[in-house]
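Enquirer: Before I ask anything, let me first share the structure, which is written out below as C-alpha cells.
Just so it is clear, none of the values below were taken in a lab; they were calculated from the coordinates. Here the structure is a predicted model, which is why all the values come from computation and not from measurement. With ideal geometry, Cβ positions are generated from the backbone for all residues, glycine too; neighbour counts draw on all protein chains shown.
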2 protein chains.
Amino acid sequence: MHSTDHSSYMKELKARIDQELEQFFREREKDSLDPVCRTVSEHIKAFTMNGGKRLRPMLIVLGHNLFAPHDDKVFRAAISMELTQTYLLIHDDIMDQSEIRRGKPSLHVAVRNQMPGQVSDAKRISENIAIVAGDLADSLAHQALLQCGMDPSDVLRANVELSRIIEMTGYGQLIDIDSATNDSFGQRDLLRLHILKTAKYTIEGPLILGAMLSGTKEDVKPLSYYGTLLGTAFQLHDDILGLFGDEAETGKSIKSDVNEGKKTLLMLKAMENTSPENREFIKKCLACGDVSDNDFHKLRQIVKDSGSYDYSRKMMESMIEKSKEYLSQVKGDAEIKEFLKWLAHYIIERKS
Amino acid sequence: MHSTDHSSYMKELKARIDQELEQFFREREKDSLDPVCRTVSEHIKAFTMNGGKRLRPMLIVLGHNLFAPHDDKVFRAAISMELTQTYLLIHDDIMDQSEIRRGKPSLHVAVRNQMPGQVSDAKRISENIAIVAGDLADSLAHQALLQCGMDPSDVLRANVELSRIIEMTGYGQLIDIDSATNDSFGQRDLLRLHILKTAKYTIEGPLILGAMLSGTKEDVKPLSYYGTLLGTAFQLHDDILGLFGDEAETGKSIKSDVNEGKKTLLMLKAMENTSPENREFIKKCLACGDVSDNDFHKLRQIVKDSGSYDYSRKMMESMIEKSKEYLSQVKGDAEIKEFLKWLAHYIIERKS
C-alpha cells in the first residue's frame, strides 16, 4: 500500500467504527428508560459521537487482523475502547475542572447547562451525574466487548486486557496527580507516566486486545514493545505540539500545557540543562497558571537553547526506529505490518 | 437445616469470602507499583476489608450452588461483587460528601488525612484520587471474575450480568439524584429506584450472576423474581430501620435519612394520607437538613398515625410472601432453597 492508500484505509476504518458506534447506541435506545436516565444516555452518546480519530478501536481491528482473517464482529469489540475513552474523559474533565472537550462543553458542563436556573448546588449535582455517566460508559464498554459474538475464551482474554488497560491508566492518572506536588518528579517517573497513561492506553493495549481476540498462539511481545515505544513517542510528540504547535491545527491554546503546569520532558530537561535563574523562571511559569506572551516566548527559547527540544525530538525519533525493529519481528500479516510502519511515522508527523 | 445451622452457614460463607479477598489482594501486592499507586491500592484494600455482611458475594455462591455442585473457584468470582461494592461506595461517598463509611473515614477522607498540611486544594485532589480509586476497584472486580478459572462461556455471561448490574445501579443512582429536586416523584418512581439501586444490585443481580456461572439451562426467571421482590423488601425494611431502628444496632444516626431528605415510601405515603398542614411539616423536615428532636418525634408520629408505617410493613411482608412463592418454582438444590427461604425472613427481621 502507498501512503495515500494508508490514509484512505484509515479513513475507511474510522467510518466503519463510527457506524458501529451509531448502531450500538441505536440498539440500546429501545431500552425503556426513566427520563433522567434517557437524558444522560443521550449525553453519553453525543459525547462519544463527537469523538476524534478513533485511533484506539482502529488498533484493535489491526491487532486482530495481524493474526487472523478479518471478521466483521471485531468492530463491535473495537468500540469498547472508544466507550472506555468516553468513560475516562468524562472523569478526567471533572478532575481537571475542564469546561471544554473537543470544542464542545464537557459532559458535566453539558448537564449543568440543561439544569433549571434555580437549582442550588447545580455544580456539585452535575458533577455527580457525570461521575455516574462515566461509570455507565464503562459498563457499556464491557458489554460491547463481551457481547461481540467472537470466541468466548478469546473475548475473556481480551476483556482481561481491557480491564488491565483501565487499571494501568488509573495508575498513570495517580502518578500524574502526584507529579504536580512532587518536587522530586524526574525523567524516570515521567516515562513511567507516559507508558501507563498514554502508551498502554492509546497504542499498546488496543493492539494487544485485538491480538487476544484473534486467538493467536504467536508471541505477542514484539508487538507489545512496538506499541509501548510508539505510544511513548506519541506522547513526546504531543508535548512538542503543545509547546511549538500551531493553535489553528491542534485546536487548543498553545499556552494550555504551561498553564496546567505540565512537567513535560521538554520542561524537565530544560530545567536540568539551563542556568539556575532560568530554572527558577521555568518553575515560575509552570506555577503561575496564566503565563504572559513575553514569558511564554522566553520559555520556548530556553527550551530550544538548553538543547531540551532536540533531546525530546531525538528520543522520540529513536523510539520510532526501535519500534520498527520490533515490528519487523512480529509474525503477522505483511500488509497490516506495512500499515503499522506507516502509522509510526504518521503519529510523529501529525500536526494535531 | 435449622435456623442456627443457617446462620452458622452464613458465617462460614462470610469467613471464606473474607479469606478469598485477603488472598486476592495478597497476590496483587507482588505487582511492583509506584509509591503513590501502592498507597492508593492499600486504601482500596483497607476499605474493602472493613466491609459488612458480604451478602452479595454470598448470593453469587448460592446462585451457583443452586444449579451446580460446589466449585471452590466460585469464591474468586464472588468477590467481584464485593470489589464492585467498594467501587460504587467510593464514588457514592464523593457524591454525597460523606466523611464516614462503616465507622471509618470514607476513602477520599482517608486520602486527604494523609496529605501534608500545606497542600492547597487538598479537598479537590483527594476527591480526584478517590474517583480514580473507584475506577481501579471496578477494574479489579472485572479481573477477579474474568480470571476465576471457570468455564469461559459461563464467565462471559456472568460478566455481562456484572456489567448490567453496574449499569442498572447507575440508572438507580441517577433517579435518586433526580428525586431530590423532582416534585412529582411518586411511589412508582420510588419502586423503580428500589428495584434498580437495591434489588438488582444487592439480591437479584448476584443470584443471577451465580446462576450464569453454573452454566444452567434452567429458566432463571423465578429466581430473578424472588431476588427482585426480596431486594425491594430489603430496601423497605432498611427505610423502616432508618426511621424507627435502634441507633446502637444500625450504627448510624436515626435522623440521617430525614436529614438527607430521603423520599422513602414512609414519607411519600404519609404525605399522601395526612392533613395539608402535616404534609407541609414533612416537606419542611425533609428540606431542613438538621431536624430537631421534637420535630423528629412528631414526624414519626405522623408516619404512624397516617397508616404509612403499616402500609410499608404490609407491602414488605407481602413481597416476602410472593418471593417465597417464586422460590418454590425454582428448579434447584433443595437445601440452598431452604436457606434462601430462611434468608427472606432474616432480611426483614434484621436489626442492622
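Enquirer: Compute, for the protein assembly as shown, the length of the dipole vector about the Cα centre, with Cβ point charges of +1 (Lys, Arg) and -1 (Asp, Glu) only. Units Debye, rounded to 20.
Expert: Details: 94 positive and 108 negative charges, 12 e Å.
It comes to approximately 60 debye.
Enquirer: Can you name the residue in chain A whose Cβ lies closest to the A-to-B rotation axis, and give that gap in whole Å?
Expert: Rotation axis A onto B, closest Cβ, rounded to whole Å: A:152, 2.
Enquirer: 7 Å along Cα→Cβ for the label point: how many nanometres lie between residue B:349 and each equivalent label in the other copies, listed shortest first?
Expert: Sorted ascending, the copy-to-copy spacings read 7.7 nm.
Enquirer: Right, something else. Relative contact order, percent, of region A:218-352 when contacts are C-alpha pairs under 8 Å separated by at least 6 residues? Walk me through the numbers before you get to the answer.
Expert: Working: 139 pairs, mean separation 51.9, N = 135.
Over region A:218-352, the number comes to 38 percent.
Enquirer: Right, next: Skipping prolines and chain starts, which residues have an amide H placed within reach, meaning under 5 Å, of the one on residue A:101, given they are 5 or more residues away or on another chain?
Expert: Here A:106 satisfy the definition.
Enquirer: Between copies, how far does the label point of residue A:15 sit from its twins, in nm, shortest first, when each point is 7 Å from Cα along Cα→Cβ?
Expert: 6.5
Enquirer: Evaluate peptide A:178-188: per residue, the Cβ atoms of other protein chains within 10 Å of its Cβ; return the mean as an integer.
Expert: On the way: counts 8, 1, 3, 8, 2, 0, 0, 0, 0, 0, 0.
Neighbouring Cβ atoms belonging to other protein chains average 2 per residue here.
Enquirer: Can you give the longest run of chain B that contains no GluC sites (Glu not before Pro) sitting in a DSSP loop with at most 16 other Cβ atoms inside 10 Å? Before the final figure, lay out the partial values.
Expert: On the way: sites that count: B:99, B:218, B:260.
Of all site-free stretches, the longest is B:100-217.
Enquirer: Between region B:84-100 and region B:128-154, what is the separation of their alpha carbon centroids in Å?
Expert: If we compute the Cα centre of each part, the gap is 17 Å.
Enquirer: Projected onto the charge dipole of region B:218-352 (+1 at Lys/Arg Cβ, -1 at Asp/Glu Cβ, origin at the Cα centre), which of B:308, B:330, B:340 gives the Cα projection farthest towards the positive end?
Expert: About the Cα centre, the residue reaching furthest to the positive side is B:308.
Enquirer: A further question on this structure: Would you please give the FRET efficiency between residue B:187 and residue A:70, computed as 1/(1 + (r/R0)^6) with r the Cβ-Cβ distance and R0 = 56 Å, to the nearest 0.05?
Expert: Details: r = 53 Å, r/R0 = 0.94.
The formula returns an efficiency of 0.60 here.
Enquirer: Helix-only estimate, please: 222 nm mean residue ellipticity of chain B, summing -39500 (n - 2.57) across DSSP H runs of length 4 or more and dividing by its residues, to the nearest 500. Numbers along the way, then the final one.
Expert: Working: 17 runs with 260 residues, N = 352.
My calculation for chain B gives -24500 deg cm²/dmol from helical runs alone.
Enquirer: What are the aspartates and glutamates whose alpha-carbon lies under 19 Å from the alpha-carbon of residue A:351, with same-chain residues fewer than 8 places away excluded?
Expert: Excluding near neighbours in sequence, the set is A:238, A:239, A:246, A:247, A:249, A:257, A:310, A:317.
Enquirer: Name all residues of region A:224-239 having a backbone nitrogen under 19 Å from the label point set 7 Å from the Cα of residue A:329 along its Cα→Cβ direction, giving them as ranges.
Expert: A:224-233
Enquirer: Let me ask something else about it. If one computes the Cα centroid of region B:265-315 and of region A:161-234, what distance in Å separates the two points?
Expert: Distance between centres, Cα-based: 55 Å.
Enquirer: In debye, nearest 20: dipole of region B:218-352 around its Cα centre with unit charges on the Cβ of K, R (+) and D, E (-)? The partial results should precede the final answer.
Expert: Working: 21 positive and 24 negative charges, 55 e Å.
Roughly 260 debye, rounded to the nearest 20.
Enquirer: How far is it, in nm, from the label point at residue A:29 to the one at residue B:298 when both lie 7 Å from their Cα along the line to the Cβ?
Expert: 5.1
Enquirer: Here's a follow-up. Among the complete DSSP H segments of chain B, which ones combine at least 24 Å of alpha-carbon extent along their axis with a mean Kyte-Doolittle hydropathy of 0.0 or more? The partial results should precede the final answer.
Expert: Numbers: long enough: B:3-29 (39 Å, -1.44); B:74-96 (33 Å, 0.46); B:122-146 (36 Å, 0.50); B:152-179 (40 Å, 0.04); B:221-244 (34 Å, 0.40); B:308-329 (32 Å, -1.25).
What comes out of the filter, once short or polar helices are dropped, is B:74-96, B:122-146, B:152-179, B:221-244.
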